[in-house]
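Notes to accompany the following structure.
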Amino acid sequence: MPAIVLVGAQWGDEGKGKATDLLGGDVDYVVRYQGGNNAGHTVVIGDQSYALHLLPSGILTPGCIPVIANGVVIDPKVLLQEIHGLEERGVDTSRLLISANAHLITAYHTTIDKTAERFLGKNRIGTTGRGIGPAYADKVNRVGVRVQDLFDEKILWQKIEGALEQKNQLLVKAYNRRAITVDEVVQEFLPYADKLRAYVTDTTLVLNRALDDGRVVLLEGSQGTLLDVDHGTYPFVTSSNPTAGGACAGSGIGPTRIHRVIGILKAYTTRVGSGPFPTELHDADGERLRRIGAERGVTTGRDRRCGWFDAVIARYATRVNGLTDFFLTKLDVLTGWERIPVCVAYDVDGFRHDEMPMTQTEFFHATPIYEELPGWDEDISGATSLEDLPKKAQAYVKALEDFSDAPISAIGVGPGRDETIVVRSLGT
């Protein structure tokens, strides 16, 4: 049975949790393959809202096995707090599987992350300060600490000692912070071994055997395409690969096993943190989108920057991810506008760009070229089919589909689990 990849097609916060939850009843495994607790998913079930940061959205679907794969960086304290919080609300977390090869975030990672960001001043990237970047840097530099190291105190001590030889030089001499001792990190980490042991396994083996047995595996990316460290608006990006290609490396599932790649696309555009954003609105329309769309980061608590739909970005996401389908979310937020602008291309120093500009400089200088589409006033939250939507809302969806180069197979018309129009099945 092939695997399905779910990716954000903008700058993250597109509503991937809602899409994963919608698919949850049709899949057997939901896998987080990159990122850490710098991401957030909100899933609304009935009158209950769940904010997830490290745990895959499938944790909320009975019978579905949630997996934190090797490409994720884990803050064990945060993970255990999240598990405990769900258990207190009656959610069964015993099915969770964690890769032994996933890397851990330590106290020195978060300290360096926050301190380095402050030192950047006006050039800061907008990091969440949760140690994600430094943990990935240690992984690449081959001085990282992995989940499996928790179960061998000697190796854990050696790895942290080796990492701190360099980190303390940076903390003390460059940042004027106190040195962190090996013992304090080890003593914090050792108790996590017993608390996490029951969840830890060879997830690559588990997932490939599941596919061999005809199970459906959903690979869930965090953040979004434009935050990918290779394909995003570098350097204002995350430290991993949320794009579909990252799903293979981050899970140990080969590319020939992936059948569908679904891009989650908000009916307008938002981003959190610093960096270029061509369609950003600094007026009443931007504030209205933020208010009606409740655009506040699940993890950071920061207000999201809001703007009109950007078809250039959507086409780019289709290309770099190989998208087979789009899930369009938050269409209901646009109810009440008389005219809705859509960015169809950029003007860069007098030249039209229908595709993503090649250089960072060009993208910073991009000015949106808009086409205006008629809006609608009718409440669409009760719509259960495409035909239930007002004609102008249908025309808006069709235009976005044409602009984005991939079919829109599902449409979110409200925050609830059931407030979704399924145009084409997103399952295998």
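Structure above, values below:
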item: Residue pairs meeting the criteria (Cβ under 6 Å; at least 6 apart or on separate chains; first touching a residue at least 60 places away in the same chain (Cβ under 8 Å) and among the aromatic types (Phe, Trp, Tyr), in the range 1-30; second open to solvent by less than 10 Å² (accessible area, probe 1.4 Å) and not in a helix (DSSP H, G or I)); result: Trp11/Gly224; Trp11/Arg271; Tyr29/Val67; Tyr29/Val217
item: Close pairs from the range 84-102: first touching a residue at least 12 places away in the same chain (Cβ under 8 Å), partner of a type in the set (Phe, Trp, Tyr), Cβ under 6 Å, at least 6 apart; result: Leu96/Tyr199; Ile98/Tyr199
item: Subset of the range 87-110 (residues that are over 15 Å from Thr203 (Cα atoms), open to solvent by 10 Å² or more (accessible area, probe 1.4 Å) and not in a loop (DSSP other than H, G, I, E, B)); result: Glu87, Glu88, Ala107, Thr110
item: Count of the range 296-330 residues which are under 30 Å from Glu82 (Cα atoms), hydrophobic (A, V, I, L, M, F, W, C) and surrounded by 22 or more Cβ atoms within 10 Å (Cβ to Cβ); result: 4
item: From Leu281, Leu227, Leu207, residue being open to solvent by less than 10 Å² (accessible area, probe 1.4 Å), of a type outside the set (Asp, Glu) and touching a Gly at 6+ places or on another chain (Cβ under 9 Å); result: Leu207
item: Residue pairs meeting the criteria (Cβ under 6 Å; at least 6 apart or on separate chains; first over 10 Å from Ser404 (Cα atoms), in the range 310-324; second open to solvent by 30 Å² or more (accessible area, probe 1.4 Å) and not small (Gly, Ala, Ser)); result: Val320/His231; Thr324/Arg260
item: Yes/no for Ala249 being under 26 Å from Pro357 (Cβ atoms) and either open to solvent by 10 Å² or more (accessible area, probe 1.4 Å) or at pLDDT 95 or above (or both); result: no
item: Qualifying residue in the range 294-313 (condition: β-branched (Val, Ile, Thr), touching an Asp or Glu at 6+ places or on another chain (Cβ under 9 Å) and not in a strand (DSSP E or B)); result: yes
item: Ala366 being touching a His at 6+ places or on another chain (Cβ under 9 Å), among the small types (Gly, Ala, Ser) and surrounded by 18 or more Cβ atoms within 10 Å (Cβ to Cβ); result: yes
item: Residue count, the range 35-51 (criterion: at pLDDT 70 or above, part of a strand (DSSP E or B) and open to solvent by 30 Å² or more (accessible area, probe 1.4 Å)); result: 3
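Every residue, every condition in (1) assigned to a helix (DSSP H, G or I); (2) within 31 Å of the chain's Cα centre (by Cα), yes or no:
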residue: Arg142; (1), (2): no, yes
residue: Leu150; (1), (2): yes, yes
residue: Ile155; (1), (2): yes, no
residue: Glu161; (1), (2): yes, no
residue: Leu170; (1), (2): yes, yes
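The values are calculated or read from the model by the stated rules, or taken from the named source; none is laboratory data. Not measured: the values here are computed from a predicted model. Backbone-built Cβ (ideal geometry, glycine too); neighbour counts: all protein chains shown. These accessible areas exclude ligands, DNA and RNA; they are computed on the full protein's heavy atoms, side chains included. Shrake-Rupley method; radii C 1.70, N 1.55, O 1.52, S 1.80 Å.
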